[in-house]
1. Being more than 20 Å from SER105 (Cα to Cα), more than 12 Å from ligand 1 (Cβ to nearest atom) and in contact (Cβ under 8 Å) with a residue 24 or more places away in the chain is the filter here; which residues of the stretch 134-158 pass it?
2. Out of (1) more than 15 Å from ligand 2 (Cβ to nearest atom); (2) in a loop (DSSP other than H, G, I, E, B), what's the single condition that is false for ALA226?
3. Name the residue that is farthest from THR181 (Cα to Cα), counting only residues in the stretch 292-308 that are among the hydrophobic types (A, V, I, L, M, F, W, C) and surrounded by 23 or more Cβ atoms within 10 Å (Cβ to Cβ).
4. Would you be able to say whether some residue in the stretch 171-178 is near ligand 1 (Cβ under 10 Å from one of its atoms), under 30 Å from LEU87 (Cα atoms) and among the polar types (S, T, N, Q)?
5. Being without any contact (Cβ under 8 Å) to a residue 40 or more places away in the chain, closer than 22 Å to VAL117 by Cβ and more than 13 Å from ligand 1 (Cβ to nearest atom), is that true of even one residue in the stretch 189-200?
6. Suppose we keep only residues that are away from ligand 1 (no atom under 12 Å from the Cβ) and of a type in the set (Lys, Arg) within the stretch 88-133. Which one would you say is farthest from the chain's Cα centre (by Cα)?
7. Contact list please: Cβ distance under 9 Å, first residue in the stretch 56-67 and assigned to a loop (DSSP other than H, G, I, E, B), second residue of a type in the set (S, T, N, Q) and within 14 Å of ligand 2 (Cβ to nearest atom), pairs at least six apart or on different chains.
8. Filter the stretch 89-140 for residues that are crowded, with 19+ Cβ neighbours inside 10 Å, charged (D, E, K, R) and farther than 21 Å from GLY22 by Cα; which is farthest from ligand 2 (Cβ to nearest atom)?
Amino acid sequence: MNTLLLNDNQNDIEKAGKILSGGGLVAIPTETVYGLAANALDGRAVASIFRAKGRPMDNPLIVHIADIEDISRFSLVSRFPEKAKLLAEKFWSGPLTMIMPKGESIPDEVSAGLDTVAIRFPSHTLAQKLIKAAGVPLAAPSANISGSPSPTTAEHVMNDMNGRIDAVVDGGECSVGLESTVITLAVDPPRLLRPGKITVEQIESVIGKIEVDDAVLHQLKNGEKAASPGMKYKHYAPKASVVLLKGSTAAYIDFVNNHIESGTAALCYDDDIEKLKLKSFSLGKSGDYSSQAHRLFSSLRAIDRDESVKLVYARCPNPEGVGMAVYNRLVRAAGFEVIDLENL
Ligand code: AMP
Ligand code: MG
């Protein structure tokens, strides 16, 4: 299959819309990461997303809309809980995904057989135009091969998906750089399943206390069931081994400079780079979680491309605010391997 590279002009938007309404696969930019989209109401089209990504069929997809009214227009949910309405008012359009009891139009392929559905209204203007051009809601997981970092540029998507999908729409670099916050409102109190740019504190300021699922910050124990199927997979794993080093800047610099061997590299804050005596990849600015979110996946891909890198010593972000999302992705890339430098 020849994968078309499209742009943000009206002609290309209409072309992408036609491919999508005809049951094809198009990678689209959003403010979080690039998504691999198909008509969410067409089970066959959705099934082809799983094949293109090599994604396990038991991992459900997020349905993307371009207007809150799409929820009732397409019967996407059987109940729109009051707290979900409050969150939609405050954070949509934006990087928040809400899980609700699913409506009659949702094919089993989207919900992976669950009785709930995940819905998001992206703020990216081009994403909204593409959903409108398709004329239907779009089911879209991240547009990477399953197990590799989510793509934040059209080039990342092409590296993974060229020849496997109909088209990629190039919308430049994604501003957030990490996937959306996922919260389920199918239970009360609501429960955070995946941290993202919209933080626990922001959500609680609108609907009061929520729970944070154990799997957000900790490794699931053997046999433990994941509330969100995606959390049981070892996501975002680069080829090199990654170890998180928890502690002060001085302790980090000291440890890394004393453990340099061939194939070792650092994934660190920009200010650390000049103090380190080995190959270093940027994890954004220290103390600026949004910049870390923006850099993380691009740096993990750069590490993957560099065959000489075998072991990466990464800074361990504080799991607070947007830092919770950065920590959640990085600790999975590290297979939960964390060294506490203050307690060696
Ligand atoms: P991705 O689209 O690849 O960023 O992944 C979407 C995430 O949302 C995965 O972790 C899914 O397991 C999760 N998800 C989607 N739908 C549901 C649902 N109905 N219930 C629980 N988790 C869901
Ligand atoms: Mg993904």
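The values are calculated or read from the model by the stated rules, or taken from the named source; none is laboratory data. On a predicted model such as this, the values are computed, not experimentally measured, just so you know. Every residue, glycine as well, gets a Cβ built from its backbone with ideal geometry; the counts of neighbours run over all protein chains shown.
1. Step one: list which residues in the stretch 134-158 are more than 20 Å from SER105 (Cα to Cα), which gives 142-158.
Still in the list and also more than 12 Å from ligand 1 (Cβ to nearest atom): 152-158.
Result: THR152, THR153, ALA154, HIS156, VAL157, MET158.
2. That leaves (1) as the condition not met.
3. To start, the set of residues in the stretch 292-308 that are among the hydrophobic types (A, V, I, L, M, F, W, C) comprises 293, 296-297, 300, 302-303.
If we keep only those that are surrounded by 23 or more Cβ atoms within 10 Å (Cβ to Cβ) too, we end up with 293, 296-297, 300.
Numbers: ALA293: 13, LEU296: 16, PHE297: 16, LEU300: 20 Å.
This residue is LEU300.
4. Going residue by residue through the stretch 171-178, those that are near ligand 1 (Cβ under 10 Å from one of its atoms) are 178.
From what is left, the residues that are under 30 Å from LEU87 (Cα atoms) are 178.
Still in the list and also among the polar types (S, T, N, Q): none.
Among the residues of the stretch 171-178, not one is near ligand 1 (Cβ under 10 Å from one of its atoms), under 30 Å from LEU87 (Cα atoms) and among the polar types (S, T, N, Q), which makes the answer no.
5. Initial filter on the stretch 189-200 (without any contact (Cβ under 8 Å) to a residue 40 or more places away in the chain): 189, 191-192.
Those left that are additionally closer than 22 Å to VAL117 by Cβ: 189, 191-192.
Imposing the further condition that a residue be more than 13 Å from ligand 1 (Cβ to nearest atom) reduces the set to 189.
Yes, that holds for at least one residue.
6. Here the residue is LYS132.
7. Close Cβ pairs (under 9 Å, with a partner that is of a type in the set (S, T, N, Q) and within 14 Å of ligand 2 (Cβ to nearest atom)) amount to PRO56/SER146; ASN59/SER146; ASN59/SER228; PRO60/SER228.
8. Going through the qualifying residues, I end up with LYS102.
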